[in-house]
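This report refers to the structure that appears directly beneath it.
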Amino acid sequence: MQFFEAFLFACSANLDNMTIGITYGIRKIRIPFLYNVIIALISCIGTFLAMTLGSFAAHSLAPKYAQTIGNLLLIFLGLYFLWDGIRPISPKETSAKNKNAQSPAVSPSLLSLSQTFLIACALTLNNLGMGISASIAGLPSVLTSCCTFFVSIAMLCLGQYLGKTYFAKILGHYAEAISGCILLILGLCECI
């Protein structure tokens, strides 16, 4: 059961990776496999450090309360991501999306190493709160970090592939809502 929960966490935490892969796939910017591994490694280390911090926080509370707080945080994050994914889009956001959609097609190119580190840091910072929450909820740090590493690689590869297809627009639009649903399921599973 711990593997399933760690895997669910990793899927939720790395849906942003798929969105980034889709974005770069649409723009015809290839992410080399080595750079994908670098992004996954930085994300894995960030997840482990966040979960270690969460573990220290959990030890300062009674185990029952720590796990309940962690589960509630996961559920809260899930609800937040779900709402962010389904909320009505403001006219300002709509015009920005339309402006980006009308930009000319980009010729095929390669992601730079500096862009790789920027993406990795952004994705890692995005996952810190989830890592702390997962640790407080009782997920094992090493297993969850390892799952994060492998799922990160898979999501970026999948995103790159999907970015070249019609489904990119559909999946990209619902990534936040899907991530929220996965976090909700994870939080509810931990409550049982």
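The values are calculated or read from the model by the stated rules, or taken from the named source; none is laboratory data. Everything numeric in this text was worked out from a predicted model, so none of it was measured. Note: ideal-geometry Cβ built from the backbone for every residue, glycine included; neighbour counts use all protein chains shown. Heads up: the accessible areas ignore ligands, DNA and RNA and are worked out on the full protein's heavy atoms, side chains in. Shrake-Rupley method; radii C 1.70, N 1.55, O 1.52, S 1.80 Å.
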Inset, instruction - Six or more apart or on different chains, Cβ under 6 Å: which pairs go from a residue in the stretch 174-187 that's closer than 16 Å to S135 by Cα and of a type outside the set (F, W, Y) to one that's crowded, with 20+ Cβ neighbours inside 10 Å and at pLDDT below 70? Could you list them? - result: L183/L74; L186/L74; G187/L74
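Within the stretch 136-147, take every residue that is closer than 19 Å to C181 by Cα and part of a helix (DSSP H, G or I) and give me the one that is modelled with the highest pLDDT. Walk me through how you get there before you give the answer.
If we filter the stretch 136-147 for residues that are closer than 19 Å to C181 by Cα, which is where we start, we get 137, 139, 144, 147.
Imposing the further condition that a residue be part of a helix (DSSP H, G or I) reduces the set to 144, 147.
Working: T144: 91, C147: 94.
Going through the qualifying residues, I end up with C147.
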Inset, instruction - Only residues in the stretch 130-154 that are under 18 Å from G78 (Cβ atoms) and touching a residue at least 24 places away in the same chain (Cβ under 8 Å) count as the first member; pair them with residues that are open to solvent by less than 10 Å² (accessible area, probe 1.4 Å) and outside any helix (DSSP H, G or I), Cβ under 8 angstrom, at least 6 apart or cross-chain, and list the lot. - result: T148/N14; V151/N14
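For A154, indicate whether it is modelled with pLDDT under 85 and either part of a helix (DSSP H, G or I) or buried (at least 16 other Cβ atoms within 10 Å of the Cβ) (or both).
Values: modelled with pLDDT under 85: no; either part of a helix (DSSP H, G or I) or buried (at least 16 other Cβ atoms within 10 Å of the Cβ) (or both): yes.
So A154 does not fit the description; no.
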